[in-house]
Amino acid sequence: MSAKNQQALVPKLRFPEFRDAGGGEQRPLGLACEMQAGRFVSASEIQAQNAHGLYHCYGGNGLRGYTTTFTHSGKYSLIGRQGALCGNIKQGIGQFHATEHAVVVTPKNRINGDWLFFVLDLLNLNQFATGQAQPGLSVNVLAKLPIAIPSQELEQQKIAYCLSSLDTLITVQSKKLEALKTHKKGLMQALFPSTDQVNT
């Protein structure tokens, strides 16, 4: 790789301890991870509500429901490969069932799985979908997409930790916002007289 290309792979924002580590390495996505579609499960086997003994079931548009079977155990990035929301990125954690409409991503050696999750999200994979009535993504196309990989795995880990912390904060703040909205609605109902009661 030329010095110019190496310089282009240096991020604008970097943690201080990695500023002298040089640029990353550009590789096709397929060299950084394995991508394999999940396993078919019939619609009759998918429950709408979670219950004891059931596992999350992910399809092409994210969480599809819950099943009595699971295909994976651990923490994996999932790419929706078929449907209106194909290209969406989710994380399967613990035991879960991935259908044939979801691609399970397994990072290869020296690739941090959480870092790879954020890379996939940044790629906006929906733009590579083909087909009109039923959009879909080809694993062969995805495997050729170029990504820039930090030279040190420790840098991948630190990036992933930073972004994961922000996601946690966003989730907490979102819950607080919903609680405030509910509180406001309750106050409004208490502060204003009900017209139904007036008209009866």
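Throughout, read-outs are computed from the coordinates displayed, never taken from laboratory work. The model shown is predicted, which means the values in this text are computed figures rather than measured ones. Cβ coordinates were reconstructed from backbone atoms using ideal geometry, including for glycine residues, and neighbour counts include every protein chain displayed.
Set the bar at 24 Å for Cα to Cα. Now go through Lys90/Lys185; Lys12/Lys90; Lys90/Lys175; Lys75/Lys181; Lys90/Lys184 and name every pair that lies beyond it. Those over the limit are Lys90/Lys185; Lys12/Lys90; Lys75/Lys181; Lys90/Lys184. Taking the C-alpha atoms only, the angle from helix 153-191 to the longest principal axis of the chain is near 10 degrees.
Sequence-distant contacts, meaning Cα pairs under 8 Å at least 6 residues apart, place the relative contact order of the chain at 21 percent.
Charge dipole (Cα centre; +1 on Lys/Arg Cβ, -1 on Asp/Glu Cβ; no other charges) of the chain amounts to roughly 260 debye. Protection proxy ranking, highest mean first, for peptides 45-53, 154-162, 90-98: 90-98, 154-162, 45-53, where packing is the per-residue count of other beta-carbon atoms within 10 Å, averaged. Listed values (i) 21.9, 82; (ii) 15.9, 55; (iii) 16.6, 53 include one computed from this model; for Rg and Dmax of the Cα atoms in Å that value carries the label (i). Each residue, Lys175 and Leu154, gets one label point 7 Å from its Cα in the Cβ direction; the gap between the two is 3.4 nm.
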